[in-house]
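The values are calculated or read from the model by the stated rules, or taken from the named source; none is laboratory data. This is a predicted model, so every value here is computed, not measured. With ideal geometry, Cβ positions are generated from the backbone for all residues, glycine too; neighbour counts draw on all protein chains shown. Just so you know, the surface numbers come from the protein's heavy atoms only, side chains and all, with ligands and any DNA or RNA stripped out. Shrake-Rupley method; radii C 1.70, N 1.55, O 1.52, S 1.80 Å.
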Amino acid sequence: MTITLYDKLVDAHKVCDLPDGDMLVYVDFHIMNEYTSPQAFSGLDQKGLKVWRPEAHLSVVDHVNATRQRDPHDDASKLLIDNLENNCKTHNIAFYGLGDPRQGIEHVVVPEQGLVAPGMLIACGDSHTTTYGAYGALGFGIGTSEVEHVLATQTLRYKRLKTMLVNVEGALTPGVTAKDIIMKVVQVVGVGGANGYAVEFAGSAIRDQDMSGRMTICNMAVELGARAALIAADEKTLAMVKGRAHSDGIDFGGPEWRSDEGAVHEQIYNIAAQDIAPLVSWGTSPDQSVPIDGLVPTAGETSTPKAKAALERALDYMGLSAGQLVQDITIDSAFIGSCTNSRIEDLRAAAAVLKGRKVASNVNAIVVPGSTYTRLQAENEGIDKIFIDAGFDWRPESGCSMCLAMNDDIAMDGERIASSTNRNFEGRQGRGARTHLMSPAMVAAAAVKGHLADVREFRNEGAE
Amino acid sequence: MPGQVKGLMAPFPQPNVDTDVIMPKRFLITISREGLADGTLADLRFDENNNERPEFVLNQLPWTEASILVVGDNFGCGSSREHAVWGLMQLGIRGVIGTGFAGIFYDNARKNGLALPIVSPEVRDELMRIARDPEVGDCTIDITNRQISIGSQHHPFDMDDATRAALLEGRDDTLDSLKLADSILGYESGLKEKMRVHVIQ
């Protein structure tokens, strides 16, 4: 019998079937943040319930905290942060708060601390929990009612998903990164194209990625609508989980966490790696992207009225004209950060572009390392100096910051941002803000040029 | 009547409406589930000066009274925030009819009694056309029989058994699952030591 990695993970975590067709699955590890957990704790208190296994949860402050300084920037964010700390004290749950050397964006902290390993089931009140699929673990986002459910029972009610296989075969061309792979996949499958599916990524271009790149890919799989993303565990995975704070205490197995040869998926997409160019988003949905040397799209003659209306609405919001050169788009800001692209590998890639160069005078450039640990590692490598010398604002604290603008990093109406983040929805980085998604190296290139720019030209310059 | 959602449908055709549009982030700085009605769809309903935008459907008669939305594809994508569902409910929305919903939003809706019937693109387009008619009367979402009725039209919809049961019974999943504590303990007793995660404080 041949079984997919997804079904192996679900089978291994099934506690029991439920009469209405769902099942109860066991949650090995659960992460909380300050903004989607408060009502879960108050739900427990109202019902007089205890936390089932307090040691299997971790709380991290990341969404609302300031990154310019450690202290909360206003009373409302302080209330959320203090509330989480108090809830953790009451229920004896680990809390990595402001000033803790382990604090940072939850999905950056967890791998750093060795809290994800192949074969685990991990839940978190955050949609980008799909990140952990990079380890051959089943990670998925949940709502606040489900956070309450995990706290009280260590389980979730679960419906088995269909599976989709996305094969990316071949070698990437220079300048193309994991971010471009996943942006291409979002383009091909479409936003919502994987609603109801768990997506497994396979093929040589995926295997060739390091763990950081694999995390970027699984992280943004949620933009397809995927409730889970997976990549088979291999020697890179096993090497990555070693030597970390929790490594000795966690073992769910190793290379057996892969789909069997010949396992059947309900849907399959094949993408040739050589067809992927460095991409930038032009619109207000993550599938609205084009190659950096391309044009802002024009409604084709075959477009339906609905498609034309969507295109026009996106162009209007973004302040762009159909058919204009992407590289003519001038930016106001550059942001490197987020659970998608703020790991040490991302900072190194951006620094390689920035070294010896200056940010254009029209650009306000910010970099928020994904975690305190990542920031210190970068400072040890001298990467902070490269960013600072180039004119970037190197933030001393970590968090989600301008990716979703829940702290004081809020873009202004009409502000145009080259961003290493995951979502370009209307208002995502601030009311009226215009987001262009791209890889961290491309953000650095845009910051230097003052407009969207092709990172491959920088490589050529560097080689001269 | 139990098992039914009855009310006026409002057309809301924009595709890929994400949860930040449904509940903008500035309303999330709260530790309560309450007080979210004003924040719901705020940037569509109100301008920068907090005046109503007359062009938005829920600000127009008769749709100010709407309790059902007919929506574009992939409604509820993006962030996991359950605040989006709490806000829609507090605004008086009891049903959202679409061709498909993002997974986390779908599960959040079920936990809070918001009905999300799934119909074909053709049926959705027809309901959207009907919803645009200000003279049309109430629509009924019959959860028991999985059927939408308006005027002389009847359309079946998809809804998985567990979601349907949850909407009909209005149960508390946490308390229900705790009744299965023995099964959970049984599962845990089969875990090896290194499969019992212990986070360092």
**Study point:** Hz values of 3J(HN,Hα) by residue in the stretch A:155-165 - Karplus curve (6.51, -1.76, 1.60), Gly and Pro given as x
**Key:** 10, 9, 6, 9, 10, 5, 8, 7, 10, 10, 10
Practice item. Could you tell me which trypsin sites (Lys or Arg not before Pro) in the stretch A:160-220 are loop residues by DSSP with no more than 16 other beta carbons within 10 angstrom of their beta carbon? Key: A:Arg160
Practice item. Report the antiparallel proportion of the DSSP beta bridges in chain B as a percent, rounded to a multiple of 5. Key: 55
Practice item. Find, to one decimal place in angstroms, the Kirkwood hydrodynamic radius of the stretch A:279-463, where the mean of 1/r is taken over every pair of different Cα atoms and then inverted. Key: 16.4
**Study point:** Cα-based Rg and Dmax for the stretch A:9-135, where Dmax is the largest Cα-Cα distance (Å)
**Key:** 15.7, 51
Revision key, fill the gap. With a 1.4 angstrom probe the carbon and sulfur portion of accessible area for the stretch A:5-269, in percent, totals 49
Exercise for review: May I ask what percent, to the nearest 5, of DSSP beta bridges between residues of chain A are antiparallel?
Suggested key: 25
Study note, to complete from the structure: With all protein chains present and a 1.4 Å probe, the order of A:Leu18, A:Leu295 from largest accessible area down is A:Leu295, A:Leu18
Practice item. Give me the distance between the Cα centres of the stretch A:326-403 and the stretch B:60-131, rounded to whole Å. Key: 39
Revision key, fill the gap. The relative contact order of the stretch A:196-325, taking Cα pairs under 8 Å that sit 6 or more residues apart, comes to a percentage of 17
Point to revise | Three-way shape label, the stretch A:227-318, alpha-carbon gyration tensor, a/c 1.5 | key: prolate
Practice item. With all distinct Cα pairs included, what does the Kirkwood hydrodynamic radius of the stretch A:410-461 come out to in Å, to one decimal, could you say? Key: 11.4
Review point. Taking chain B as a Gaussian network, where each spring joins two C-alpha atoms under 10 Å apart, which residue of B:Ala165, B:Ala181, B:Ala42 fluctuates the most?
Key: B:Ala181
Check your understanding: Which whole-percent values make up P(r) of the stretch A:73-227 when all C-alpha to C-alpha distances are grouped in 5 Å steps starting at zero?
Key -> 2, 8, 15, 20, 18, 14, 10, 8, 4, 1, 0
Check your understanding: With each run of n ≥ 4 DSSP H residues scored as -39500 (n - 2.57), what mean residue ellipticity at 222 nm is computed for chain B after dividing by its residue count and rounding to the nearest 500 deg cm²/dmol?
Key -> -8000 deg cm²/dmol
Practice item. Evaluate the Debye formula for chain A with equal point scatterers sitting on the alpha carbons, no solvent, and hand back log10 of I(q)/I(0) at q = 0.06, 0.08, 0.10 Å⁻¹, in q order, two decimals. Key: -0.24, -0.44, -0.70
Review point. Points 7 angstrom from Cα along the Cβ direction at A:Lys306 and B:Asn50: gap in nanometres?
Key: 3.8
Check your understanding: When only Cα pairs under 8 Å and 6 or more residues apart are kept, what is the percent relative contact order across the stretch A:5-269?
Key -> 23
**Study point:** Computed FRET value (nearest 0.05) for B:Asp125 with B:Asp161, which takes r as the C-beta separation and R₀ as 25 Å
**Key:** 0.40
Practice item. Nearest 100 Å² is fine: how much accessible area is buried between A and B, summed over both sides, with a 1.4 Å probe? Key: 5800
Review point. Excluding A:Met438 itself, what net charge comes from residues whose Cβ is under 11 Å from its Cβ, given Lys and Arg +1 and Asp and Glu -1?
Key: -1
Exercise for review: Report the normalised scattering of the stretch B:16-59 as log10 I(q)/I(0) at q = 0.19, 0.33 Å⁻¹, calculated by the Debye formula with identical scatterers on the alpha carbons.
Suggested key: -0.59, -1.22
Revision key, fill the gap. Convex hull around the C-alpha positions of chain B: the volume in Å³ per residue is 158
Point to revise | Residues with amide H under 5 Å from that of A:Leu18, placed H, sequence gap 5 or more | key: A:Met23, A:Leu24
Revision key, fill the gap. Here the residues of the stretch B:77-111 whose accessible area is at least 20 Å² smaller with all protein chains than in the chain alone (probe 1.4 Å) are B:Gly78, B:Ser79, B:Ser80, B:Arg81, B:Glu82, B:His83, B:Trp86, B:Gly103, B:Ile104, B:Asp107, B:Arg110, B:Lys111
Study note, to complete from the structure: Env charge @ A:Ala117, Cβ radius under 12 Å, K,R +1 / D,E -1, value 0
Exercise for review: Would you give the gap between the C-alpha center of the stretch B:166-192 and the C-alpha center of the stretch A:188-241, rounded to a whole Å?
Suggested key: 30
Review point. Pairing the Cα long axis of helix A:372-381 with the longest principal axis of chain A, what angle in degrees results, from 0 to 90 and rounded to the nearest 10?
Key: 50
Exercise for review: Distance between Cα centroids, the stretch A:246-302 to the stretch A:410-456: provide it in whole Å.
Suggested key: 20
Point to revise | ³J(HN,Hα) computed for each position of the stretch A:217-226 - Karplus, 6.51 cos²θ - 1.76 cosθ + 1.60, integer Hz, glycine/proline x | key: 5, 5, 4, 8, 4, 5, 6, 7, x, 5
Review point. Which whole-number percentage describes the relative contact order of chain A, with Cα contacts under 8 Å and a sequence gap of 6 or more?
Key: 17
Study note, to complete from the structure: The summed charge of the A:Trp257 Cβ neighbourhood (under 11 Å; Lys/Arg +1, Asp/Glu -1) stands at 0
Check your understanding: What residues have an amide H closer than 5 Å to that of A:Leu58, excluding those fewer than 5 places away on the same chain, when H is modeled at 1.01 Å from N in the peptide plane?
Key -> A:His30, A:Ile31, A:Met32
Review point. Ordered by residue, what ³J(HN,Hα) values in Hz, to whole numbers, does the stretch A:126-133 give under the Karplus form 6.51 cos²θ - 1.76 cosθ + 1.60, where θ = phi - 60° and Gly and Pro are x?
Key: 7, 5, 7, 5, 4, 3, 6, x
